[in-house]
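A short worksheet on the structure shown next.
Quick note: the coordinates plus some simple rules give every number you see, no bench work behind them. Just so it is clear, the structure is predicted and the values come from calculations on it, not from any experiment. Heads up, the Cβs are rebuilt from the backbone with ideal geometry, glycines too, and the neighbour counts pull from every protein chain shown.
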Amino acid sequence: MSDTNAIISVEDLKVRLGGVSILDIPSFSVRQGEFLSLIGPNGSGKSTFLLVLNSLLKPVSGRLIYRGEPVTGRDEAFRYRRKVSMVFQEPLLFDTTVYKNVASGLKIRGLKRDEIRERVMRYLGWFNIEHLAQRSARKLSGGEAQRTSLARAFAMEPEVIFLDEPFSALDPPTRHAITDDLDRIVSETGITTIMVTHDQSEALRMSDRIAVMHDGGIVQVGVPSLVMNNPVNEFVANFVGMDTILVGNVIRVVDGMATVLVSGKEIDAFGNAGSGDCVYCCIRPENVTIELTDPDDLTSARNTFPAVIRDISSIGPFLKVILDCGFSLTAFVTREAFAVLDLKEGKNVYASFKATAVHLIRDAKHP
């Protein structure tokens, strides 16, 4: 069934390069006004898919549809491209001033000088580079150059904008500042935005929906919280940061709660599983709590296990703790909690997590 809110969709899309299948997507749609992020490992087909959606790469079969009309011949593709803009990973700027770079597409469209100036200065201001209007593009920093590319794309006031990892080469502070501005501008303009990114935090923060790609296909699409907390398979679970993925067998189900036997230990979890099923138990590290004594009845967590700390490493503002509970379990702890608990390798602790924190995935290979 087609999405009546779709601005762009594809049907039976296949792309092959050198005889190798690069994309195979039966159907997919992008909704009017949404911010959609495409995520996935290198080689999964994200950038290729973006080129097809932008009508810059012709598939061997299938259709690209814009507002219900197929984009087939050269004339349709030309009209379609006038309604979209694209920003690449490396800024592609002319050897002239920032102002003239942003104005270039508007001049080609034949806009009047006053209208060009108003629009250029407006978008330079939105991306906080109006003071750079007369600077040579050759003298810009990486962040300034990418802001110029974004201002040029948005100044065209497209109906859809495509972003192909536009921030991957930037340092974290610059990247964060630009994505803050982009998030605000997309919200204010309502322009449909499709972004390829490797940064999951970026996708989580900015997206209405996330599409996970793998081996040239789309394996899951949904709101960020759904994709991150309810992955459809082991691959997605791994990719979205389910650091603990345990294989076990359901030994009983009572009132919707399954008890899974993992390495001789029983884990309680809510999920769609039946007795005898082989399942993956997926647990996010931020949902695991470490205590020095057995919390017993002091916690609502149904799953509590004595554990030994096997490894500790730093990961941003947190410390990543690998625990041996008879099975391997990963936890994130704050630096404050780490100091208070005096955690160190070899120390005996207790690890706990709620039954609701366990996401169960049936193993398709063992029905």
Any lysines with Cα under 19 Å of the Lys107 Cα? List them, leaving off those in the same chain fewer than 8 positions away. Lys83
Mind putting a number on the dipole of region 45-94 about its Cα centre? Charges go on the C-beta only, +1 for Lys and Arg and -1 for Asp and Glu, and I need it in Debye to the nearest 20. 120 debye
For the chain, what is the calculated [θ] at 222 nm in deg cm²/dmol (nearest 500), taking -39500 (n - 2.57) for each run of four or more DSSP H residues and dividing by its residue count? -8000 deg cm²/dmol
For a quick check: sort His131, His198, His359, His214 by the number of other beta carbons within 10 angstrom, fewest at the front. His131, His198, His214, His359
Furthest towards positive pole of dipole, Ile178, Ile218, Val87, structure part the chain, Cβ charges: Val87
How large is the Kirkwood hydrodynamic radius of region 227-266, in angstrom, based on all distinct alpha carbon pairs? 11.5 Å
Simple Cβ-charge dipole of the chain, Lys/Arg +1 and Asp/Glu -1, about Cα centre, in debye nearest 20: 1720 debye
At 0.36 nm per residue, minus the direct Cα-Cα distance, what do Val20 and Glu157 gain on full extension? Give it in nm, one decimal, please. 45.7 nm
What fraction, in whole percent, of alpha-carbon pairs in the chain exceed 40 Å separation? 29 percent
The distance between the Cα centres of region 193-228 and region 1-57, in whole Å, is 13 Å
Quick one: order Glu336, Glu202 by neighbouring beta-carbon count within 10 Å, fewest to most. Glu336, Glu202
For Ala133, what charge total do you get from the other residues with a beta carbon under 11 Å from its beta carbon, if Lys and Arg give +1 and Asp and Glu give -1? +2
With a 10 Å radius around each residue's Cβ, average the other Cβ atoms per peptide and rank 63-73, 99-109, highest first. 99-109, 63-73
Within region 63-127, report the GluC sites (Glu not before Pro) that DSSP leaves as loop and that have at most 13 other Cβ atoms within 10 Å. none
